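J.: Supplied in C-alpha cells, the structure appears directly below.
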Amino acid sequence: MTYENILVFREGAVGRVQLNRPQALNALNSALMTELVDAFREFDRDPEIRCLLLHGNERAFGAGADIKEMADMGAIDMYSRDHISLWDEVARIRTPIVAAVSGYCLGGALELAMICDIIVASETAKFGQPEINIGVLPGAGGTQRLTRAVGKSLAMEMVLTGRMLSADEARAAGLVSRVVPVEAYLSEAQRLAAEIASKSPVALRLAKEAVLQSFESGLAGGLAYERRLFALAFASEDQKEGMQAFAAKRQPEWKGR
Ligand code: CAA
C-alpha cells in the first residue's frame, strides 16, 4: 500500500508513523485511518519491530475525525461505513505504542492517543473532546477511555463543555505520563520508544496485554489473567536468558521467542 496521509519510518527496532495531513490539522479521514492501520499491522507482524511511535506535527497531533467527511452522512451511512472500527483495529495492535503529542489532540485524535499505551506530551499540547460543540458526542471511545483515564468528574466536564486540558493538567490527571518542552517532545518519545524496544518483545506483549486486561475485568479476574500470562512467560527463551543474564551479571540478548 502506498501512503498519502502518513509518513512511515523504521528506526532500529522502533516503527515510527507520522500523521501527515497538516493542511487539515491531521483530521482523521477514512484514507488516513486506513493507512495508519495498514502501517501498524505491518509493523506488528515484523519480528524486528518491538515498539511503535505515533505523532503528528508541532501544531497538531490531530484535530479529530474529519468533520467535512462526516457532515452530510446519515445514521445508516455511519453505521454501514463503520469508519470508527478503524480505531478498534489500532487497539488490536499487540506491539507497545507510544504517542508523542504536540498542539491539538482533539476528538477522535485524543481517542486514538488514548488507545496508544503511553502518551508523551509537549508543553503546548491541548487535549479535548469538543464533539459537544458540533452537536454530537465522542464516538471512538472517548466517553469510556477518558473516564477511565481521568475519572468521572473531569471527563464529564471535558465531554459536556468541550474544554481543553493543558499538558500540565493532563499530566496531573494521569492522562499523560510526562510533559517536555516542545523542542524535545519527539526526541524524548523516540528515546522512550527505543528504551522499550530494548526489552524482550515476548515480555513486552504479555505485559501490554496484562495491563489492558485491567480495563476489562474485576480485580480477581485480572489477577488470575496476569498469573496465567506470568506463567506463560516461563515458556519463552527470553525468560531463561533474562534470568541467566541477571545471575551472570551480563546484558541479556533477547531472542523474541
Ligand atoms: N475535520 C476536518 N477539517 C478540520 C478539522 C476536523 N476535525 N479540524 C480542523 N480542520 C481544518 C479546518 O477546516 C481548516 O481547513 P481550511 O483551511 O480548509 O478551512 C484547517 O483544518 C485549519 O483549521 P482552523 O482554521 O480551524 O484552525 P484554527 O487554529 O483556527 O483552529 C481548532 C484549530 C480549534 C482545532 C479548530 O480547527 C477546530 O475546532 N477543529 C475541530 C475540532 C473538533 O471538533 N474535533 C472533533 C471532530 S468529531 C470527532 O472526532 C468524532 C469522534 O469522536 C470520532
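The values are calculated or read from the model by the stated rules, or taken from the named source; none is laboratory data. As the structure is a computational prediction, the values presented were derived from the model and not from experiment. So basically every Cβ, Gly included, is an ideal-geometry build from the backbone, and we count neighbours across all protein chains shown.
J.: If I ask for residues that are crowded, with 19+ Cβ neighbours inside 10 Å and over 30 Å from ALA233 (Cα atoms), which ones from the range 181-208 would you list?
T.: Result: TYR185, LEU186.
J.: Under 7 Å by Cβ, and 6 or more places apart or on different chains, what pairs join a residue from the range 69-91 that is closer than 25 Å to ILE115 by Cα with one that is of a type in the set (Ser, Thr, Tyr)?
T.: Close Cβ pairs satisfying both conditions: GLU69/SER30; HIS83/SER30; LEU86/THR34.
J.: Which residue out of ARG45, ARG16 is closer than 25 Å to TRP254 by Cα and without any contact (Cβ under 8 Å) to a residue 24 or more places away in the chain?
T.: Unique residue meeting the criteria: ARG45.
J.: Just to check your reading of the model, which residue among GLY62, GLY56, GLY74, GLY12 is among the small types (Gly, Ala, Ser) and touching a helix residue (DSSP H, G or I) at 6+ places or on another chain (Cβ under 6 Å)?
T.: Criteria check complete, one pass: GLY62.
J.: Report whether or not VAL90 is surrounded by 13 or more Cβ atoms within 10 Å (Cβ to Cβ), part of a helix (DSSP H, G or I) and modelled with pLDDT of 95 or more.
T.: Taking the combined requirement at face value, the residue satisfies it.
J.: Only one residue in LEU36, LEU25, LEU19, LEU32 is within 16 Å of the ligand (Cβ to nearest atom), surrounded by fewer than 21 Cβ atoms within 10 Å (Cβ to Cβ) and modelled with pLDDT of 95 or more, so which one is that?
T.: On inspection, the qualifying residue turns out to be LEU25.
J.: Further question on the same structure: I'm trying to understand the selection: among the residues of the range 102-125, which are more than 8 Å from the ligand (Cβ to nearest atom) and either touching a Pro at 6+ places or on another chain (Cβ under 7 Å) or in a strand (DSSP E or B) (or both)?
T.: Result: CYS105, ASP117, ILE118, ILE119, VAL120, ALA121, SER122, GLU123.
J.: Could we say that THR143 is in a helix (DSSP H, G or I), polar (S, T, N, Q) and within 12 Å of the ligand (Cβ to nearest atom) here?
T.: Spelling it out, THR143 is indeed in a helix (DSSP H, G or I), polar (S, T, N, Q) and within 12 Å of the ligand (Cβ to nearest atom).
J.: Is it the case that the range 28-45 has a residue that's in contact with an Asp or Glu (Cβ under 8 Å, 6 or more places away or on another chain) and of a type in the set (Val, Ile, Thr)?
T.: yes
J.: Taking LEU54 as the residue in question, decide whether it is more than 12 Å from the ligand (Cβ to nearest atom), at negative phi and either crowded, with 20+ Cβ neighbours inside 10 Å or part of a helix (DSSP H, G or I) (or both).
T.: Yes; evaluated as a whole, the condition is true for this residue.
J.: Could you look through the range 57-86, keep only residues that are of a type in the set (Asp, Glu), part of a loop (DSSP other than H, G, I, E, B) and within 15 Å of LEU28 (Cβ to Cβ), and pick out the one that is nearest to the ligand (Cβ to nearest atom)?
T.: The selected residue is ASP66.
J.: Within the range 142-151, identify whether any single residue is over 18 Å from the mean Cα position of the chain (by Cα) and within 22 Å of LYS208 (Cα to Cα), and answer yes or no.
T.: Within the range 142-151, one or more residues are over 18 Å from the mean Cα position of the chain (by Cα) and within 22 Å of LYS208 (Cα to Cα).
J.: From the list ALA207, ALA172, ALA184, pick out the single residue that is part of a helix (DSSP H, G or I) and within 30 Å of PHE230 (Cα to Cα).
T.: Criteria check complete, one pass: ALA207.
J.: Out of (1) within 16 Å of the ligand (Cβ to nearest atom); (2) closer than 24 Å to SER177 by Cα, what's the single condition that is false for ARG94?
T.: For ARG94, the exception is condition (1).
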